[in-house]
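No value in this document is a laboratory result; all are computed from the given coordinates. Here the structure is a predicted model, which is why all the values come from computation and not from measurement. With ideal geometry, Cβ positions are generated from the backbone for all residues, glycine too; neighbour counts draw on all protein chains shown.
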Amino acid sequence: MNLTKKHTLPILLAALLTGGSVLPASAQNPPAGASKPTAAQPAAPAAAEQKKVPPDTVVLQIGDEKITAGEFSNFLSAVQADPVTAEDPSFRRQLAEGLIRVRLLAREARKRGLDKVDKTKSLLSLAQDQVLAQAVADQLVTDDALRAKFNEKGLVTARHILISTQANGPDGKPLTEEGARKKANDLRARIEKGEDFAALAKSDSDDPGSKDIGGVYTFPRGQMVKEFEDAAFGLKEGELSQPVKTKFGYHLIQRVPPDLAKLRPQLLNEVAPKKMDELLADLKKNATVNLNPDFFGPAPAPAAAAPAPAATGAPGTTPAPVDKK
């Protein structure tokens, strides 16, 4: 079984955002607006800071149904909305509008007795089975497996504070190299004394793409400028760098453990297929599974194994060129 991003829950997310149907193939590729940011490209934070709403506050009413902030947050998690994107009020509103549409139409369908129609019952059963299958996949993949995949992909999570040489200092003039480096060193001393890194990033970092999310990025090699990348990959988890000079200014970089809860939707799609295939192989041993060849046609021939690559210099091959640079 090949578990890809075309899962029931992401399909549901796409359908709610676009007003499309949930199950047809035409809805299986979420539109750009519903796509999740990759680990290498963190989403931009919401433009305006929003007030915190208590979880027991009713935030949505559809007829007699009342949904609290906590329940809506659980719903966002259930449909695998990216945690950063889920904080964007415009995204939440768009999803709520989609939920209203689906709920009202579903109620109308029940009033018309459409939930008793054989075709509808079959689709409901299939949707339920898909959700349950996804629940099994979620349960099979442990945090240890996700962390192993994170390491295998060569990713690193680090947070930083940028002091730009183009930012204005206290006198209203752009900081000099010396001024930016001094400010970075002063901030480093404050962090070493116990001040909160995320709070300092919010108040002092000149990186608009990360300051409101604690300065955090998750990325592979080749994504960032070389000086930043080398410093981040060279740190141990928890270690804080000295000021690192790049073309943007001076950075304070701290390597931190990956937030597996946020990265889970991306990593799950790479870890789950093998786990599911292993489980299915065991399940098939204890279940009677037959396909009528008159109806389904003959089983396809097993794929031929790829030939092993010939050793360099073996007969019939051309030795690989040697880079002498």
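Length gained on full extension, SER73 to ASP118, computed as 0.36 nm times the residue gap minus the Cα-Cα distance: 12.8 nm. Derived scalar couplings between HN and Hα for the stretch 282-293 equal 5, 5, 5, 5, 10, 10, 8, 10, 10, 10, 6, x Hz in order, rounded to whole Hz, by the Karplus curve 6.51 cos²θ - 1.76 cosθ + 1.60 (θ = phi - 60°), x for Gly and Pro.
Once the Cβ-Cβ distance of LEU283 and GLU237 is raised to the sixth power relative to R0 = 41 Å, the FRET efficiency obtained is 0.60.
Explain nothing, just the number: dipole magnitude of the stretch 150-255 about its Cα centre with +1 on each Lys and Arg Cβ and -1 on each Asp and Glu Cβ, in debye rounded to the nearest 20.
100
Calculated over the stretch 150-255, the projected area of the Cα convex hull averaged across directions stands at 6.4 nm². Shown in residue order for the stretch 133-139 are the 3J(HN,Hα) couplings computed by the Karplus curve 6.51 cos²θ - 1.76 cosθ + 1.60 at θ = phi - 60°: 4, 5, 5, 5, 4, 4, 6 Hz (x for Gly and Pro).
Here the Karplus relation 6.51 cos²θ - 1.76 cosθ + 1.60, evaluated at θ = phi - 60°, turns the backbone of the stretch 199-206 into coupling constants of 5, 5, 4, 5, 8, 10, 6, 9 Hz, with x for every Gly and Pro. Listed by chain and number, the aspartates and glutamates whose C-alpha is less than 14 Å from the C-alpha of LYS182, apart from same-chain residues fewer than 8 away, are ASP204.
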